[in-house]
Amino acid sequence: MAKKKENKPPTLNERIENAVNLGPLTPLYFVVAIDMLKNHIDSSEDESIEQLFERLFSADRVRSNIKEIHKVINNLPNEQTTT
């Protein structure tokens, strides 16, 4: 008897790729969202950041990750950052 194919839900990466493929404005929305998240993170206290991510990550790690994503998505050189 043949194995039944599992219908797994798409991974987060697949869902993001699917969203980006919805249309030409979707990547722009991602850029705006990252900019807004970075602004929020930059102006937030550590406790607030850790609560936002349900204490899964330290505030320093979140700040570092968001800063790196912001640089990549905005095509900024490594030495150029905005705080």
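List of remarks:
- Here's the list of aspartates and glutamates a cross-link from residue 67 could span, going by alpha-carbon distance under 12 Å and ignoring same-chain residues fewer than 8 apart: 35, 42, 79.
- Of the GluC sites (Glu not before Pro) found in the range 1-78, those in coil by DSSP whose Cβ has at most 13 other Cβ atoms within 10 Å are 6, 45, 54.
- For the pair residue 40 and residue 60, a Förster radius of 22 Å applied to the C-beta separation gives a FRET efficiency near 0.85, rounded to the nearest 0.05.
- For the chain, projected area of the alpha-carbon convex hull averaged over all directions, nm²: 8.3
- Overall, the chain carries a charge dipole of about 660 debye about its Cα centre when +1 sits on the Cβ of Lys and Arg and -1 on the Cβ of Asp and Glu, all other atoms neutral.
Since every read-out is calculated from the coordinates, none of them should be taken as a lab result. Remember, predicted model here, so these are calculated numbers, not experimental data. Positions of Cβ are backbone-derived with ideal geometry, glycine not excepted, and every protein chain shown enters the neighbour counts.
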